[in-house]
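Below is one structure; the comments refer to it alone.
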Amino acid sequence: MVSLTGASDAELMRLHQDGHEEAFGELFRRHKDRMWAVALRTARDPEIAADAVQDGFINAFRRADSFRGDSPATTWLHRIVVNACLDRLRKIKPTSNLDDHEPVETRDYHQSVEVRMDIRAALDRLPEGQRLALILVDMQGLSVAEAAIALDVAQGTIKSRCARGRSAIAQDLGLSP
């Protein structure tokens with residue numbers, strides 16, 4: 001009997017590919033919270049994020065044979081979960097024109113909460129590519145190489161998206177001249 005708790009992610013993927021019934025469950029237990037955080041930051045909606053995490057792990061379970069081990073299993077899972085989020089977001093059609101509504105004041109006047117909300121709002125105003133690159137690199141701690149794999153773009157694209165996104169956020173928050 002193989003000890004799953006001591007196995008690396010790559011070993012768990014190989015075991016799952018070889019038909020071990022509980023290997024993927026261990027991967028799920030290890031990474032579900034991190035994938036939830038990625039999905040929530042990507043979708044910005046808990047219901048969509050929950051559905052996307054479920055879709056992502058089901059897709060990963062079914063397509064485990066496509067995992068080649070070129071990158072860490074977490075990078076592969078990130079990519080699948082982000083794609084599941086984007087798929088769900090593309091299917092949503094707005095139910096009303098937001099221009100017809102006055103914005104609701106959502107600020108909590110405690111400074112730390114206010115700053116986080118300002119940063120979140122600035123992040124939400126970024127183009128999708130910049131927002132996803134910043135989420136993966138600056139918030140989730142992925143390397144540029146891992147983020148490039150997760151988003152299926154070149155490393156230089158991740159670097160430029162992060163730089164442009166950071167610059168736009170700084171300008172939006174009045175932190176740059």
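Counting only residues that are acidic (Asp, Glu) and more than 18 Å from Ala37 (Cα to Cα), which one in segment 122-177 is surrounded by the most Cβ atoms within 10 Å (Cβ to Cβ)? So that I can check it myself, show each step before the final result.
Initially, segment 122-177 is screened for residues acidic (Asp, Glu), giving 124, 128, 138, 146, 152, 172.
Subsequent filtering for residues that are more than 18 Å from Ala37 (Cα to Cα) retains 152, 172.
Details: Asp152: 10, Asp172: 16.
Ranking the candidates gives Asp172 first.
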Exercise for review: Consider only pairs whose beta carbons are under 7 Å apart and that are at least six residues apart or on different chains; among these, list those whose first residue lies in segment 76-90 and is in contact (Cβ under 8 Å) with a residue 60 or more places away in the chain and whose second residue is of a type in the set (S, T, N, Q) and surrounded by 23 or more Cβ atoms within 10 Å (Cβ to Cβ).
Suggested key: Val82/Thr42
Review point. Can you tell me how many residues in segment 22-44 are part of a helix (DSSP H, G or I), more than 8 Å from the chain's Cα centre (by Cα) and of a type in the set (Lys, Arg)?
Key: 4
Check your understanding: Here is a list of conditions, (1) within 18 Å of Thr75 (Cα to Cα); (2) without any contact (Cβ under 8 Å) to a residue 40 or more places away in the chain, and Phe24 meets all of them except one; can you say which number that is?
Key -> (2)
Revision key, fill the gap. Checked against (1) closer than 30 Å to Pro127 by Cα; (2) not in a helix (DSSP H, G or I), Gln54 satisfies every condition except (2)
Point to revise | Candidate set from segment 66-89 (those that are among the small types (Gly, Ala, Ser) and not in a helix (DSSP H, G or I)); member that is farthest from Leu15 (Cα to Cα) | key: Ser71
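If we keep just the residues of segment 1-43 that are of a type in the set (Gly, Ala, Ser) and buried (at least 19 other Cβ atoms within 10 Å of the Cβ), which is farthest from Arg120 (Cα to Cα)?
So, considering only residues that are of a type in the set (Gly, Ala, Ser) and buried (at least 19 other Cβ atoms within 10 Å of the Cβ), the one farthest from Arg120 (Cα to Cα) is Ala23.
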Practice item. Go through segment 127-153 and give me each residue that's in contact with a Leu (Cβ under 7 Å, 6 or more places away or on another chain) and outside any helix (DSSP H, G or I). Key: Leu142
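Coordinate-derived values only; no laboratory data. Source: prediction; values computed, not measured. With ideal geometry, Cβ positions are generated from the backbone for all residues, glycine too; neighbour counts draw on all protein chains shown.
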